1. Quick one: which of ASP36, ASP51, ASP47 is closer than 19 Å to GLU95 by Cα and open to solvent by 40 Å² or more (accessible area, probe 1.4 Å)?
2. With the checklist (1) assigned to a strand (DSSP E or B); (2) without any contact (Cβ under 8 Å) to a residue 24 or more places away in the chain; (3) among the basic types (Lys, Arg) in hand, flag the one item LYS137 doesn't pass.
3. Restricting the first residue to the stretch 460-482 and requiring it to be touching a residue at least 60 places away in the same chain (Cβ under 8 Å), which pairs with a second residue that is open to solvent by 50 Å² or more (accessible area, probe 1.4 Å) meet a Cβ separation below 7 Å and a spacing of at least six or different chains?
4. Which residues, taken from the stretch 427-481, are of a type outside the set (Asp, Glu), surrounded by fewer than 17 Cβ atoms within 10 Å (Cβ to Cβ) and in a loop (DSSP other than H, G, I, E, B)?
5. Failed condition for TYR172, given (1) open to solvent by less than 20 Å² (accessible area, probe 1.4 Å); (2) in contact (Cβ under 8 Å) with a residue 40 or more places away in the chain, with all others met?
6. In this structure, is LYS581 assigned by the TED database to the domain that holds ASP603, among the basic types (Lys, Arg) and in contact with a Phe, Trp or Tyr (Cβ under 9 Å, 6 or more places away or on another chain)?
7. Report, by residue number, each residue of the stretch 17-72 that is within 24 Å of the chain's Cα centre (by Cα), part of a loop (DSSP other than H, G, I, E, B) and among the polar types (S, T, N, Q).
Amino acid sequence: VSDQKPLGCWSVKHGQIITCPVVCNFETHEYIAVHDDKVLRIWKDNDINLDKVFKATLSADVYRIHSLPNGGPVVLFKGGGVRTLDVLLEAPQQEIENIISDEVIKWSEAFMEGRQPVLIFATEKDGDFFVYVQKLKMNRLHKYKLEQQELSKPLSFTAYIKNQIITLLCLYSNDSVYKVLIPLQQNCEEEEQILSKSLLLKLSVSGSVLKGTSFVVLDRDHIAVLGSLAASGKDSKECLTIWNTKFQTLQTSKELPLGTSGQLWCYEEKFFFTHGKVLTVIMYKCETSSLAAAVGKLKDSQTPDVSSFVNWNTLGDEELVVSFQSQQSVALKSESKMTLRSKRNTVAKVQPDTLSVGQLLLNLKDASTTVFEDELRQLVSKAQMPDFQASIGCVITALINRCKTNPKYYPRNFLLHIVETRDLSYSLCPDLMAVALEKKDVHLLQICLQRFPDIPEEITYACLKVFLSLSESYLQRIDVDLESVICYIDIEFNNKEVKTEIVENGFNAELEQDIWDTKIAKETHVTANGEFCPVGPQKAALLNAVLYSAYSETFLLPHLKNLPAQQAVLFLRYLYYLYVKCSEKINTTLPGIRSPTISQIMDWMCLLLDAHFTVMVMLPEAKELLSNLHKFVRAQVRFYSELNKIEGSLRELQRLNHQKDSQTYSIEVLELV
């Protein structure tokens, strides 16, 4: 999520529908999915096509799969039957009992109590709600009926286990949260018991009522509720709220103007929810609460075991913080970062010399350029600044905003210094690269490509297009980082390339030609094209930065199709040059810092050919290049196929060497058949 890059993507066939959330088996590192209610699929990261992965058709419809870190996956069927995945895979067509008859499952969750998996699920029938608790190892199922609430019904559930007691929380349509206690140790075997509930929290404050849609438990004293906050005479607004259940207070809330899906997830002290068209991640931290913290009256900074909440916008003025609407990707931004007040930062009064970053930037809005930059340099130099990364992002945003209002202002060196010395990301300062592209600041773009892990593919393509369009004479006057090319490209004063050969482990391509037949050797000589790089070192270094940057093929390919034909041919020539250079070395690795790997080179070549194959075939200047590329790849395929033939013999030789006594001297002749 922090890098904004998809790590894998799998699709079912047209007409098939994934019918329950996909889970990960923590023990085997496999993914488990169900499509069309009954078809189970299991696969790993390196699997590409779902049609070729493990498939099992079950005898009953699946409601949900729960994956437990130490207990393995548990499958809950729509009829109430429960099986562990291991038991189910032994006989996929085994009969699954129907326990709940006409009831419909509304919610389910699984826990580990000691070493025993426990499954709890809630059902509904004709307005009545029931709760089932299943202990898998003991094969015991307990059924309970939820006490009815007049004129209201449960909308959402959540639960947790502590000291052999399940605490079930229910969000009701009357804007209240109720608590139900269910002991795991049951002495009686009654068929159905009535569960009484107690009011935990009323979701109203100062005349406003929260119409909740989903909620999660943060700790024993705090819950988070997602819903619409409605005040009398005003339109309702969707928001995320944090409540203190111990003191019945609303701790903090954040309006979500772009709307949500109504779903809220919580994992490892982070909230996950959709806001508009993006997934938003919000960090939080809970500590033991007190009445003073709950009502915002905390004054003593030395009070132990106390927590309160800081404002959602800890960085100040909204205009100085990147807005949701301008974000193409969402990470942990100041606009959506929430932290409970820590034990050390509980001073209520703000000292004049400790202004927030937002307040400081707001005060400097109309300052002169000299004062503006001096103050920002001092701010950036502070190592102990709270929310440091987000604060630096706001500093860059303030600089970029001044660039937009004053086109003649562009603090290139200051921006370059910040990017080179701080661990930033694209999502913290999304307008930085856009302004650098406008100014054609290729050095800053190069550093951003090397350091930012979450650059959108549209920006990566824009950088590539700018790099290819700039003339060699222009780039020679520009300061560019050449560390990625200096070890394999050298330039004389007359701008002609001098071939630099680095011999690794005594290997030299010319000395090893005996392993190739005469035809292959000739083809290799032709493809090398004199060993001259088709671009200068500055452009090569910039293109290497593009190759080094992370991307998703699905999102990059549409943009790459818009690359002009001449630029596409030039880029392919350079990729081919790198490919030949890598193939000269035993370890197929280019020397230098941040040099592209052979995998990156191959991926980009394939991507470029996919995007421009028809154009490449039609262009006369690309014909010889494609022919040479084809011959070189064919020669390599032949060479590696010969190596594969003796792979088994080499492994056997290695096995024999391990069995020998290293202190014994002997000479053996092994015949490779």
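1. On the way: ASP51 fails: closer than 19 Å to GLU95 by Cα; ASP47 fails: closer than 19 Å to GLU95 by Cα.
Every option except ASP36 fails the conditions.
2. Condition not satisfied by LYS137: (1).
3. THR460/TYR551; TYR461/HIS559
4. Selection gives LYS440, PRO453, LEU470, SER471, GLN476, ARG477, ILE478.
5. (2)
6. Numbers: assigned by the TED database to the domain that holds ASP603: yes; among the basic types (Lys, Arg): yes; in contact with a Phe, Trp or Tyr (Cβ under 9 Å, 6 or more places away or on another chain): yes.
Yes: the conditions hold for LYS581.
7. Within the stretch 17-72, THR28, ASN46, ASN49 qualify.
Listed here are the residues, each with its yes/no results for (1) at pLDDT below 85; (2) within 30 Å of SER549 (Cβ to Cβ); (3) open to solvent by 70 Å² or more (accessible area, probe 1.4 Å).
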{"residue": "GLU584", "(1), (2), (3)": "yes, yes, no"}
{"residue": "ARG594", "(1), (2), (3)": "yes, yes, yes"}
{"residue": "TRP604", "(1), (2), (3)": "no, yes, no"}
{"residue": "VAL633", "(1), (2), (3)": "yes, yes, no"}
{"residue": "LEU650", "(1), (2), (3)": "yes, no, yes"}
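The values are calculated or read from the model by the stated rules, or taken from the named source; none is laboratory data. Every value quoted in this text rests on a predicted model; they were computed, and no experiment measured them. Positions of Cβ are backbone-derived with ideal geometry, glycine not excepted, and every protein chain shown enters the neighbour counts. Keep in mind that these areas ignore ligands, DNA and RNA; they rest on the heavy atoms of the full protein, side chains included. Shrake-Rupley method; radii C 1.70, N 1.55, O 1.52, S 1.80 Å.
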